[in-house]
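This report concerns only the one structure given below.
Values in this text are rule-based calculations from the coordinates and carry no lab data. Fair warning: this is a prediction, and the values are worked out from it, not measured in the lab. Backbone-built Cβ (ideal geometry, glycine too); neighbour counts: all protein chains shown.
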Amino acid sequence: MAERARARTAELRVEGVTKRFGEVLALDGVSLAVTEGELLTILGPSGSGKTTLLKVVAGFEAPDAGTVRVDGAAITTLPPARRDIGMVFQNYALFPHLTVRGNVAFPLEMRNIARTEIDRRVGEALALVELAGYEARLPRQLSGGQQQRVALARAIVFNPRLLLLDEPFGALDRKLRETMQLEVRRLQRRLGLTTIFITHDQEEALVLSDRIAVMNKGTIQQVATTTEIYERPANDFVADFVGESNIFHGTLTEPGVVTLSAGRRLMVNRAGRVGDRLGVLMRPERFAGSGANTFSGEVLEAVYLGASFKLRLACADGLELLVRQPARGTLPAAGQTIEVGIDPDAIHVF
Ligand code: ATP
């Protein structure tokens with residue numbers, strides 16, 4: 001099965017797709033390419049257009065403008081059943097009256113495949129999701145995680161060209177969700193299946209993805225590898241949405257120096273043009289005891305988080321900083337003044 005699936009996997013291109021629902025512009029000229037065998041997550045807040053984009057790819061929504069291509073061929077007007085796309089949604093959507101076998105066999109029966117072949121493929125798909133032996137159970141006799149594995153088996157059993165997953169683990173508890181994330185990753189790699197995974201959970205996106213597309217208000221803000229998204233976000237929205245951040249704005253007053261509105265001069269690794277307006281991002285965990293830029297601040301809040309201390313500091317010039325330090329020694333007390341530093345290399349300028 002792995003070989004067959006690998007041979008069928010495809011490249012997806014979304015080109016200038018726009019979709020309106022009355023007054024709401026759900027997708028505003030979205031373009032995106034997912035390469036063969038890649039797992040791309042679409043990460044964005046509620047209402048940013050993630051599900052609408054997936055529905056356009058699957059054929060459940062027709063775009064007002066734009067084109068969807070699989071391996072170069074436009075499929076924008078093809079009905080969903082002819083697109084050869086496997087899908088899994090948040091709310092399982094298994095047929096409650098059908099057994100596990102019946103559920104997984106369904107897409108094959110729709111395609112008029114011979115019974116012996118169906119048995120063989122259902123067996124393979126259930127083995128892949130580690131549910132061999134569960135054929136005769138009904139969905140209500142399965143745990144949430146097992147139900148999602150059946151949904152996954154049903155989505156891959158017919159060797160689709162693409163796999164689309166819309167917040168498939170949203171209803172599961174944290175531990176089970178983490179297990180399922182690793183399983184999906186393993187399965188997707190093994191089959192080499194081109195996959196889009198929707199989530200609003202940034203940790204989930206970081207765990208799973210080859211690349212992440214960050215969406216906001218119907219537009220794609222940045223598409224990049226997980227490290228790139230975290231270390232070098234393209235703008236405030238991405239910097240703020242993925243991970244914890246200290247974001248400030250200022251002007252490049254000389255090469256390598258950004259002066260913030262409060263008057264503070266920050267040493268950065270950026271030449272650029274003097275006078276440029278720039279954003280700076282300092283991740284809380286990049287601060288150390290000392291550095292080329294030092295901040296002295298009063299502790300407003302200190303939280304013990306097991307592996308780290310999370311501190312909110314107020315500096316004399318009005319800057320407020322979120323800082324994470326490895327949890328060593330005693331937790332600083334509120335009101336105490338402490339000093340932290342950060343080197344130019346640890347500051348991202350955008
Ligand atoms: P969530 O994470 O909450 O599922 P999302 O990013 O998937 O959000 P979409 O479901 O794609 O967002 O919705 C994008 C926008 O389009 C929202 O403002 C939503 O209210 C609107 N919308 C989606 N479907 C319809 C519809 N059938 N009719 C009217 N408006 C819709």
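Here the convex hull built on the C-alpha positions of the range 242-310 has a volume of 114 cubic angstrom per residue. In terms of overall dimensions, the C-alpha atoms belonging to the range 103-217 reach 45, 30, 26 Å along their principal axes, ordered largest to smallest.
Cross-link partners of residue 55 among lysines, defined as those whose alpha carbon lies under 28 angstrom from its own and excluding same-chain residues fewer than eight positions apart: 19, 217. Of the peptides 317-327, 199-209, the ranking by mean beta-carbon count within 10 Å, highest at the top, reads 199-209, 317-327.
Counted over the range 266-350 with a bin width of 5 Å, the fraction of Cα pairs per bin, in whole percents, is 3, 14, 24, 24, 16, 11, 5, 3, 1.
Stokes-Einstein, applied to the Kirkwood radius of the chain over Cα pairs at a viscosity of 1.306 mPa s and 10 °C, places its translational diffusion at 70 µm² s⁻¹.
Using the average count of surrounding beta-carbon atoms within 10 Å as a protection proxy, the listed peptides 153-159, 18-24, 275-281, 42-48 rank, highest first, as 153-159, 42-48, 275-281, 18-24. From the largest down, the range 204-256 spans 40, 23, 18 angstrom on the principal axes of its Cα atoms.
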